[in-house]
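The values are calculated or read from the model by the stated rules, or taken from the named source; none is laboratory data. The structure presented is a predicted model; accordingly, all values stated were derived computationally and were not measured. Every residue, glycine as well, gets a Cβ built from its backbone with ideal geometry; the counts of neighbours run over all protein chains shown.
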Amino acid sequence: MNYQKALRDVAKSMVQLNRPERLLKMITRFIDREFGLSHTSLLVFDEKKKCFAFVDSKGSRRFPIRLLKFELNHPLVTWFDNKKQKASEDFLYLPQVEKWCVNGHAKARQATQEEIQTVKRVMKDLKVELVVPGYHKKHLLGLLFLGKKMNHRAFTESEIAFFQVLTQDCSMAIKSASYHQSLMEQNQALAKKIEEIEHLRKNERETYYQIMRSLAQEVHAKDPYTFGHINQVERLGMMAAKEMGLELTEKKKDILSASLILHDVGKIGIPEPILNKPEKLTASEWEIMKSHVEKGAKILDHLTAFKEVAEIVYCHHENFDGSGYPRGLKGNEIPLEARIISVVDAFHAIVSKRCYDAPRSVHAAFEELEKGAGTQFDAQVVSAFVRAIKRDMEKRGVVQWTEHE
């Protein structure tokens, strides 16, 4: 028999077969077919049950594998697993064990005659001629039990060496499969955890939007214009952000959306006579009106999920040149989301009917935005916003923007 070719074939099968049980059964069939033994059996350590269980058994004297298992204190297990008792030969061959019983054997190290006699008795009871262990990093993983040859010939040194290499290769395959299975289970557990987190995030987002809409309805109760206004501003703001090529992650998109919807939430705290006054506000009334940004930020700052939104709401009336309120921020000191709100808020105010002013054309709104680019507004935001609106109007075939569109 060409042992090298047989080992190469086994190695090839190890690569092709992902399930170690199939590989081990294939090996027992191979040994049974090629060597003509009374039985060929393989035991593997079961990590969960903490015992050695039969994977397969072939031959006329095969074991009832579902009924047998070897505990960790079984004599054949302890012989190979107990380093003090293990002989230098990494196998047990019955004719050799019988000689140890008669003559003793220095290579048996600290094994007593009683222990050797026990091993002999167990091997005879099981009709096992040769036992070959399989290790991985000095841990016993499996045992190969081989019965007598049907032609009554002895096992040769070459055959025993072949079984040793074969058993060791099987041990490596078992451990690799175990690692692979463990990795698969960890990946499945991780996927399940991610799914649970996504579910929680979905619930959080739903709660987030419910809070936003509730706050918006409160504003609507005081100022019907504002409610329609914020819905339009949200859509326009998202159009501007997309046109600017902003990379909006789910979180950033939520922040921008919330900021657009809630930028006027502070108007809840503004008296209705001032909020809905058709005439020009007095200086003192204007100061009260301007306080809506601070009031809005304070409302949102108490909600953990709205901390970033609160800062944007606080800044949405800052001007690009530093002439705005409440802090006189300028340029990139103003959050980009606030700069977007400033542009779309102004545009929508120009083209919409207000309590104090009639709507103007979209072209007039564009002129006002471009006139304020670099002073009141961020010029890049204005440019992107105008492009987005023109493209949208062209796509829908309209010449005037209305607040109901």
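Of all residues in the stretch 277-316, which are within 17 Å of residue 346 (Cβ to Cβ) and either in contact with a strand residue (DSSP E or B) (Cβ under 6 Å, 6 or more places away or on another chain) or crowded, with 19+ Cβ neighbours inside 10 Å (or both)? Answer for the stretch 277-316, where residues must be within 17 Å of residue 346 (Cβ to Cβ) and either in contact with a strand residue (DSSP E or B) (Cβ under 6 Å, 6 or more places away or on another chain) or crowded, with 19+ Cβ neighbours inside 10 Å (or both): 292, 293, 312, 313, 315, 316. Would you confirm whether or not the stretch 319-331 contains a residue that is under 16 Å from residue 243 (Cβ atoms), surrounded by fewer than 20 Cβ atoms within 10 Å (Cβ to Cβ) and of a type outside the set (Phe, Trp, Tyr)? No, there is no match, as no residue in the stretch 319-331 is under 16 Å from residue 243 (Cβ atoms), surrounded by fewer than 20 Cβ atoms within 10 Å (Cβ to Cβ) and of a type outside the set (Phe, Trp, Tyr).
Residues in the stretch 50-85 that are assigned to a loop (DSSP other than H, G, I, E, B), of a type in the set (S, T, N, Q) and either modelled with pLDDT under 85 or under 18 Å from residue 170 (Cα atoms) (or both): 82, 85.
When the stretch 140-155 is limited to residues that are hydrophobic (A, V, I, L, M, F, W, C) and part of a loop (DSSP other than H, G, I, E, B), the one that is surrounded by the most Cβ atoms within 10 Å (Cβ to Cβ) turns out to be 155. Only one entry in 193, 124, 120, 175 is assigned to a helix (DSSP H, G or I), among the basic types (Lys, Arg) and outside the structural domain of residue 52 (by TED's automatic domain parsing), namely 193. The criterion of at least 2 residues that are at pLDDT 90 or above and within 23 Å of residue 252 (Cα to Cα) is met, among helices (runs of 4 or more DSSP H) falling completely within the stretch 276-386, by 292-301, 307-315, 336-351. When residue 397 is tested against the conditions (1) in contact with a His (Cβ under 7 Å, 6 or more places away or on another chain); (2) modelled with pLDDT under 95, the lone failure is (1). Within the stretch 36-49, is even one residue out of contact with any Cys (no Cβ under 9 Å at 6 or more places or on another chain) and modelled with pLDDT under 75? Taking every residue of the stretch 36-49 in turn, none turns out to be out of contact with any Cys (no Cβ under 9 Å at 6 or more places or on another chain) and modelled with pLDDT under 75.
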